[in-house]
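*Asks:* Pasting a structure here, questions to come.
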């Protein structure tokens, strides 16, 4: 299972708690007109309801694993 996660998603913490971090990746919503990129990266980093390990997975680890980049 692979799920996109936006920094503003209120249920991200409970979702990670229920499903684990495996398969959750960062979704910038770029190039939609209402995207928050790049500010939403800092918003994701500032979240207190998910661990730093989970943030690293969401912001790049999951995508690297999915595409076989290490």
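*Asks:* Against the conditions (1) touching a helix residue (DSSP H, G or I) at 6+ places or on another chain (Cβ under 8 Å); (2) surrounded by 16 or more Cβ atoms within 10 Å (Cβ to Cβ); (3) in contact (Cβ under 8 Å) with a residue 24 or more places away in the chain; (4) part of a helix (DSSP H, G or I), where does residue 55 fall short? Just the number, please.
*Replies:* Failed condition: (3).
*Asks:* Hey, can you tell me all the residues within segment 2-17 that are out of contact with any strand residue (DSSP E or B) (no Cβ under 9 Å at 6 or more places or on another chain) and either over 16 Å from residue 59 (Cβ atoms) or part of a loop (DSSP other than H, G, I, E, B) (or both)? Write out each step before concluding.
*Replies:* Residues of segment 2-17 that are out of contact with any strand residue (DSSP E or B) (no Cβ under 9 Å at 6 or more places or on another chain), as a first pass: 8-11, 13-14, 17.
Selection gives 8, 9, 10, 11, 14, 17.
*Asks:* If I go through segment 18-44 residue by residue, how many of them are assigned to a helix (DSSP H, G or I), without any contact (Cβ under 8 Å) to a residue 24 or more places away in the chain and surrounded by 13 or more Cβ atoms within 10 Å (Cβ to Cβ)?
*Replies:* Number satisfying all stated conditions: 0.
*Asks:* Based on what the data block shows, is residue 50 assigned to a helix (DSSP H, G or I) and surrounded by 13 or more Cβ atoms within 10 Å (Cβ to Cβ)? Working first, answer last.
*Replies:* Details: assigned to a helix (DSSP H, G or I): no; surrounded by 13 or more Cβ atoms within 10 Å (Cβ to Cβ): yes.
So residue 50 does not fit the description; no.
Where a number appears in this text, it was derived from the coordinates with a stated rule and is not lab data. Since we're looking at a predicted model, the values are computed, not measured. Ideal geometry is used to build each Cβ from the backbone, glycine not excepted, and the neighbour counts take in all protein chains shown.
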